[in-house]
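Reading through the structure tokens given below for one structure.
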Amino acid sequence: MSEEQKLLTVKDIAKAISFSETEEGIARTIRQIRHWTQSDLLRPLSQKATGKGVPRVYEEEWTVLIAAILLELSRYGATVDILKYASNSLYEDCEEYFGGHGWYVSTAMTDINVFLQISWTVDPISGEFVGATVMLFDDNDLFEEGYGESEHVRQVILRDPSSSILVNLTQVADRIYPLTWM
């Protein structure tokens, strides 16, 4: 971690990602973040001990965005067991997916939408979820050059799974990283 990297508490993350700015909404999000941390979906720098006195701290760089994605996915009823696969994939490849906050700044300045598609892989025998595939793409990836938006959609969306969730990361980022400097 770099020296300039800001450390965040559970409350800091909850304030950034909560859909509701009320005390009740923030408290609900704090409980969710604690649950995700205990379930290894979010990775604190400090230990996960449940005792009082030592706050959990998290690195800012990926944690807020991953927590916001998990919150968005949980709106669709995804359980912790299912979210774990997505979280692991996001943490493993976050540098590749996001490359720092620069991806958001560059898309915000050009009105390009960035999408994250998460598809869970299923064991064909048991039918249980056994993994997740995460795909990141933007508006430019969707359409062939020289054609209108309704023609010649590229094959960037994962089409193998029977279902997946598509998250517009640009809208998520607009909510958690307001561009007050523009």
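Here, each number is a calculation from the coordinates, and none is a lab measurement. Predicted model only: the values in this text are computed from it and were never measured. Positions of Cβ are backbone-derived with ideal geometry, glycine not excepted, and every protein chain shown enters the neighbour counts.
Values for this structure:
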{"quantity": "Vicinal HN-Hα couplings computed from phi for the stretch 117-131 (Karplus, 6.51 cos²θ - 1.76 cosθ + 1.60; Hz; Gly/Pro x)", "calculated": "10, 10, 10, 8, 8, 10, 5, x, 8, 8, x, 7, 6, 10, x"}
{"quantity": "Placed amide H near D138: partners under 5 Å, 5+ positions off or other chain", "calculated": "F115"}
{"quantity": "Placed amide H near V122: partners under 5 Å, 5+ positions off or other chain", "calculated": "V130"}
{"quantity": "Length released on extending from S126 to L166, taking residue separation times 0.36 nm less the Cα-Cα span", "calculated": "11.9 nm"}
{"quantity": "Highest to lowest packing among 29-35, 11-17, scored as the average C-beta count within 10 Å", "calculated": "11-17, 29-35"}
